[in-house]
């Protein structure tokens, strides 16, 4: 599956948390590939483990982790084998960075935003403060924030501007991969569309790839080259964006797509009955089986990942 | 679609809701003009949507309708009673005729009350003293919102329910007094895509069954189409366009409505291939809104020497009422 064009390749990534009730299988055997200057969308509903996936990729782990393994190849190198110090020096915020969920509220209120954007440069590349601030100013131009905002504090900026600052902060060290965790969920429609314009431009102008984590199917299509659908901790479909938005294969993807209200087409949205399973004790076999209109006897066994003309689907329907 | 034969339930006339700003706690420092001259009628059994971005005044408008804010100027008539003048018993009676569905279901439900107590509360407040009668009505309303069997839920606390179930409880509480009007403030914005549709369909089902009038407040144009008859678009404290929903989504007239539509995505891979054309800037401060048309600093179709000077009147274009000089 991996070709020379693969920047990030994830295989069997697994992250379980210990709780009083037992292990929570938040991320369970996740796989996908990401090419250079590409964007992959991780699509899933709340509680499917998509934010845990971001944490697993950047090793920002809480203390109650009970299992953390798998392979993550970044430019051919398995970063899961690195020790913490190597990882900190070579990966986190150097080659892979994050725009956290509700990023606009994650800025430090007592530091000027320019200093915050410059900080990763000082820490990771050891450059002088003036030089780092220059770099920050360049990043501000890329994301469309006026350069004189460098001296402002977070509270002086609107939500959209703060979000842009958080994006600038993730880009300042010129990482190869930026993970965006729900980058626009708290923003207004117009601001959201503006941020996506910025991201599209950045993808064209800079050597950067995006992992966009979101539950919003409609806006995810603004950036997607590829789509990976996550359900109950697992990836159920990885597809090319054009084929996915035209006709997804996995029954869950199909139903998810049918639940999107459309502005420009008069198509009554349909909902999925039932609820996703608990990740404490997920059912054996296909995790979507209980809600699936197409389930049959086979579904009580763990479905294989089937390759259908380049689309990977974890479903018995496509296996013969 | 604007059925003139239907009787008016709620009539809002030139409503202004201003909040005074004070300097050092007592000196006057201006007003936040949250709602600035809004006029409309709502008929029995009609659903309308109020669409706008955060800070456009839609929540202030709703709170004023609920009697939580006092109008600065203008009046709200509900079944021929002036809401601004109601006090005591009359105000309580008015409030029992409007249901309120909050945005964040978890925040709207008291964490220390179980479902039964939450649903009984409005009945207790409105003087239904017979516990058997209360229980009967609680069970009936649970059936209405499809939380069955009721016994599985009555003794649960809000944190034991999923987001969708919590929102059903909020809806059940809003309709238990059999109101004539339900005000739903972003009822699905905190929910997942698939649950969102389920809750909206539930609300629509109840609306049709009981001929409820519904005011649906949202920032999401794509859900409006499946849920309301008429849409009011708000910008910076004003209603800029009023139109029947299908006509609005096919031919938006006001430049701001056009911008909102352009910014709304449908799932389509081609979206990634093009930039969206959007007005720059941000919504204005409501303390000192721009002169003339409030959208003029961001408007691509601004007419010099007119839009920044004079406030636009409402013009009739087909079935739309548009507050824009383009349609003079």
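The values are calculated or read from the model by the stated rules, or taken from the named source; none is laboratory data. Just so you know, these numbers come straight off a predicted model, no measurement behind them. Here Cβ is always computed from backbone atoms with ideal geometry, including for glycine, and neighbour counts include all displayed protein chains.
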**Study point:** Count - residues of the stretch B:121-136 that are within 24 Å of residue B:65 (Cα to Cα) and buried (at least 16 other Cβ atoms within 10 Å of the Cβ)
**Key:** 2
**Study point:** Breaking point among (1) free of Cβ contacts under 8 Å to residues at least 40 places away in the same chain; (2) closer than 30 Å to residue A:97 by Cβ; (3) part of a helix (DSSP H, G or I), for residue A:256
**Key:** (1)
Point to revise | For residue A:48: the one exception among (1) within 14 Å of another protein chain (Cβ to nearest Cβ); (2) in a helix (DSSP H, G or I) | key: (2)
Check your understanding: When you go through (1) within 14 Å of chain A (Cβ to nearest Cβ); (2) surrounded by fewer than 23 Cβ atoms within 10 Å (Cβ to Cβ); (3) part of a helix (DSSP H, G or I) one by one for residue B:281, which number turns out not to apply?
Key -> (3)
Check your understanding: Can you tell me which of A:281, A:320, A:307 is out of contact with any helix residue (DSSP H, G or I) (no Cβ under 7 Å at 6 or more places or on another chain), surrounded by fewer than 24 Cβ atoms within 10 Å (Cβ to Cβ), away from chain B (no Cβ under 14 Å) and not in a loop (DSSP other than H, G, I, E, B)?
Key -> A:307
Check your understanding: Do we have residue A:273 as at the interface with another protein chain (Cβ under 7 Å from one of its Cβ atoms) and either in contact (Cβ under 8 Å) with a residue 24 or more places away in the chain or part of a loop (DSSP other than H, G, I, E, B) (or both) here?
Key -> no
**Study point:** Per-region count, the stretch B:149-185, residues within 13 Å of chain A (Cβ to nearest Cβ), modelled with pLDDT of 90 or more and assigned to a loop (DSSP other than H, G, I, E, B)
**Key:** 1
Exercise for review: Restricting attention to the stretch B:39-71, report how many residues are farther than 22 Å from residue A:188 by Cα and surrounded by 15 or more Cβ atoms within 10 Å (Cβ to Cβ).
Suggested key: 14
**Study point:** Selection count, the stretch B:213-251, where residues are touching a helix residue (DSSP H, G or I) at 6+ places or on another chain (Cβ under 6 Å) and either assigned to a strand (DSSP E or B) or at pLDDT 95 or above (or both)
**Key:** 8
Check your understanding: Based on what the data block shows, is residue B:175 within 15 Å of residue B:205 (Cβ to Cβ) and crowded, with 16+ Cβ neighbours inside 10 Å?
Key -> yes
**Study point:** Whichever residue in the stretch A:224-238 is surrounded by 24 or more Cβ atoms within 10 Å (Cβ to Cβ) and assigned to a loop (DSSP other than H, G, I, E, B) and, among such residues, is nearest to the other protein chains (Cβ to nearest Cβ)
**Key:** A:224
Check your understanding: Going by the conditions given, is residue A:259 within 13 Å of chain B (Cβ to nearest Cβ) and buried (at least 17 other Cβ atoms within 10 Å of the Cβ)?
Key -> yes
Study note, to complete from the structure: Residue count, the stretch B:127-148, condition closer than 25 Å to residue B:215 by Cα, away from every other protein chain (no Cβ under 14 Å) and in contact with a helix residue (DSSP H, G or I) (Cβ under 6 Å, 6 or more places away or on another chain), comes to 4
Review point. Looking at the stretch B:290-307, is at least one residue surrounded by fewer than 16 Cβ atoms within 10 Å (Cβ to Cβ), in contact (Cβ under 8 Å) with a residue 40 or more places away in the chain, touching a strand residue (DSSP E or B) at 6+ places or on another chain (Cβ under 7 Å) and part of a loop (DSSP other than H, G, I, E, B)?
Key: no
Exercise for review: State which residue is surrounded by the most Cβ atoms within 10 Å (Cβ to Cβ) when the search covers only the stretch A:211-223 and only residues that are in a strand (DSSP E or B) and within 11 Å of chain B (Cβ to nearest Cβ).
Suggested key: A:212
